[in-house]
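Working notes for the structure below.
The values are calculated or read from the model by the stated rules, or taken from the named source; none is laboratory data. Computed from a predicted structure; not experimentally measured. Here the Cβ positions follow ideal geometry from the backbone for every residue, glycine too, while neighbour counts run over all protein chains shown. Ligands, DNA and RNA are excluded from the accessible area calculation, which covers all protein heavy atoms including side chains. Shrake-Rupley method; radii C 1.70, N 1.55, O 1.52, S 1.80 Å.
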Amino acid sequence: QMVETQFVLSFVHRFLEHRGATTYFAFCYPFSYTECQEMLAQLDGRFQECRHMSPSSPLDSVYYHRELLCHSLDKLRVDLLTVTSCHGMLEKREPRLDKLFPDTATPRPRRFAGKRVFFLSSRVHPGETPSSFVFNGFLDFILREEDPRAQMLRRMFVFKLIPMLNPDGVVRGHYRTDSRGVNLNRQYLNPDAELHPAVYGAKAVLLYHHIHSRVLPGSPDWRTYVSPLGTSSLSTKSSNHSVRSNTPSPEPALSELEKANNLRNSPSSWRASTYFSPSQEPRLSAAPAAEPGGKDQAVWILPSSHAAEHCEEEARRPPSAPLPESILPQDSGLAYYVDLHGHASKRGCFMYGNSFPDENDQVENMLFPKLISLNSPHFDFTGCNFSEKNMYAKDKRDGQSKEGSGRVAVYKALGIIHSPSHASTDSAPGGLWLSRPHPFGQHLCVPPSSPLPSPTPRVMPFFLRVGRALAVAALDMAECNPWPRIVLSEHSCLSNLRAWMLKHVRGMKGAGGGPQRRGGARTPPRSSTGLPTSASDNALSRARSFSNGTSGSGSSQQDSPRITASPSL
């Protein structure tokens, strides 16, 4: 029924007569706004010394910063987290963007030179709670102080994280909409600061770092501080409580071969320097509009009221910034944009990505989720969808196009390659069912009548591990993983995997793209990656075969016991 414009579902349940029995009612395991705030409060206490950090702090210290991005329509907090290391830390801080960051008592985070941004958001659809567990797994991993993989990630990126984009919908118990009944994941093309404050804020932060976190040709980047292929300098002790010297130890320069190992980050892939260096950044309040007919881009970047604060510094700067769409993907300050979701009918974990006309761009686009699948037995690469049709499909409910979703709108505005949306299973078809990995690789739907003493042992670690794999795949993309799993796959290295992916992309073209898989268990015999299901399944199985030599569809869902045989370990 409808109660004050809200949908209400009523049902009758007969409780168990056993004393002490507990009954849970949920579409899937819940993660509330209150739990999110309590989790962030704990992190504030754990990293409270970060507020006093400076460029002279130990370089491998964890830099953690929490701030209020904006308030929702119901006046709830929309938080923005910043996580990185102290490498490249500058004295100056990020500016306050117009209509955002209302808590003036909390300073903006420090700026960092030589690092691009990894942006991760969650819960724009409030009922898709698995996205929060994947987010929490990702956050927990990058905050590890003694893990060399997490240390390397913090050296490479500045992480910008929004744990809950739609807190109003979470508190009200909505599945896809905010307090006004609006699907916020269709508002990214032209968000309104008053009606869609969280989406407006997310897009403003993305656009700011797209322009102002660029690492330009000839400028020092994170490789200046550490060789990506060496792990000897990675600390094995908690760096935040370290008392070692603040002076960075000199690192050997990279050879040309080492630089060329990563195609995307090699100097030859950079465009000729036609942009401003970090010391020549344009006036933020003078940036031109990025969208035809849209608002002046100044309101996305920096309010004019702050111009006086930067007047002396900016007097020596050029009069305007480059148009966002004029910045090539490899020149963007935004390395990754991932928006986390849940899916009500498809099983497993997968990604919806964009379609690129250039096959090299499409290879890079599909390489990231493929690497996630090599790092997690729970991620299904064959369930991913990279079709152009899926970028512009219209919702059956309201006819709104996916063009307004975060992954498509950010790609259209900024042109970055790595802007997928990641989805995890909410439930299997038929309602209140919990999907979990079967020991033999297939998914087994467990009805709630099965004994569930605690949600933690069964499903949540499954989502947390996918979040960790999401982070580790970014290391593999740059060939900086000190404990790589790719060496145990049939590909053995990233260059071989790129060659395999190129054949895969060309196979998709040869098959005319193929019909995209949309369903769950009962689907057409062609996968959404464009190749016949058997071909892509077999390739994935071989990539993750058992150490005893067995292979097949089941092996694609198993952890490889041979991880201990890695040369790095």
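Can you spot a residue in region 51-65 that is among the aromatic types (Phe, Trp, Tyr) and in contact (Cβ under 8 Å) with a residue 60 or more places away in the chain? Yes, there is a match, as at least one residue in region 51-65 is among the aromatic types (Phe, Trp, Tyr) and in contact (Cβ under 8 Å) with a residue 60 or more places away in the chain. Across region 55-99, the qualifying residues are those that are farther than 18 Å from Leu139 by Cα and polar (S, T, N, Q), and the one among them that is surrounded by the most Cβ atoms within 10 Å (Cβ to Cβ) is Ser72. What residue, of Leu40, Leu16, is at pLDDT 95 or above and either open to solvent by less than 40 Å² (accessible area, probe 1.4 Å) or not hydroxyl-bearing (Ser, Thr, Tyr) (or both)? None of the others qualify; the one that does is Leu40.
Taking the options Leu59, Leu90, name whichever one is in a strand (DSSP E or B) and more than 20 Å from the chain's Cα centre (by Cα).
Exactly one residue qualifies, and that residue is Leu90.
The single condition among (1) surrounded by fewer than 23 Cβ atoms within 10 Å (Cβ to Cβ); (2) part of a helix (DSSP H, G or I) that Ser387 does not satisfy is (2). For region 20-37, taking the residues that are open to solvent by less than 80 Å² (accessible area, probe 1.4 Å) and among the hydroxyl-bearing types (Ser, Thr, Tyr), the one that is modelled with the lowest pLDDT is identified as Thr23.
Give the residue, chosen from Lys402, Lys396, that is of a type outside the set (A, V, I, L, M), open to solvent by 20 Å² or more (accessible area, probe 1.4 Å) and free of Cβ contacts under 8 Å to residues at least 60 places away in the same chain.
Working: Lys402 fails: free of Cβ contacts under 8 Å to residues at least 60 places away in the same chain.
Unique residue meeting the criteria: Lys396.
Restricting attention to region 4-13, the residues that are more than 30 Å from Val182 (Cβ to Cβ) and open to solvent by less than 100 Å² (accessible area, probe 1.4 Å) add up to 1. Going by the conditions given, is Tyr29 of a type in the set (Ser, Thr, Tyr), assigned to a loop (DSSP other than H, G, I, E, B), farther than 30 Å from Ser213 by Cβ and out of contact with any helix residue (DSSP H, G or I) (no Cβ under 7 Å at 6 or more places or on another chain)? When the stated conditions are applied, Tyr29 does not pass them.
Just checking, does region 232-248 include any residue being modelled with pLDDT of 75 or more, farther than 20 Å from Cys70 by Cα and either in a loop (DSSP other than H, G, I, E, B) or out of contact with any His (no Cβ under 7 Å at 6 or more places or on another chain) (or both)? It would help to see each step written out before you state the result.
Step one: of region 232-248, the residues modelled with pLDDT of 75 or more are none.
Checked region 232-248: no residue is modelled with pLDDT of 75 or more, farther than 20 Å from Cys70 by Cα and either in a loop (DSSP other than H, G, I, E, B) or out of contact with any His (no Cβ under 7 Å at 6 or more places or on another chain) (or both).
Within region 27-50, can you find the residues that are of a type in the set (A, V, I, L, M) and in contact (Cβ under 8 Å) with a residue 40 or more places away in the chain?
If we filter region 27-50 for residues that are of a type in the set (A, V, I, L, M), which is where we start, we get 39-41, 43.
Within region 27-50, Met39, Leu40, Leu43 qualify.
Might you check whether a residue that is not in a helix (DSSP H, G or I) and not charged (D, E, K, R) occurs anywhere in region 146-157? Quick ask: steps written out before the conclusion?
Filtering region 146-157 for residues not in a helix (DSSP H, G or I) gives 146-147, 157.
Those left that are additionally not charged (D, E, K, R): 157.
So far as region 146-157 goes, yes, one or more of its residues are not in a helix (DSSP H, G or I) and not charged (D, E, K, R).
Taken over region 100-121, the criterion of being among the charged types (D, E, K, R) and either open to solvent by less than 40 Å² (accessible area, probe 1.4 Å) or outside any loop (DSSP other than H, G, I, E, B) (or both) is satisfied by Arg108, Arg110, Arg111, Lys115, Arg116. Of all residues in region 294-353, exactly one satisfies the criterion of being modelled with pLDDT of 50 or more, open to solvent by 40 Å² or more (accessible area, probe 1.4 Å) and acidic (Asp, Glu), namely Glu325. Scanning region 354-384 for residues that are among the hydroxyl-bearing types (Ser, Thr, Tyr) and open to solvent by less than 10 Å² (accessible area, probe 1.4 Å) returns Ser373, Ser376, Thr382.
The residue that is modelled with the lowest pLDDT, among those in region 187-227 that are small (Gly, Ala, Ser) and within 20 Å of the chain's Cα centre (by Cα), is Ser213.
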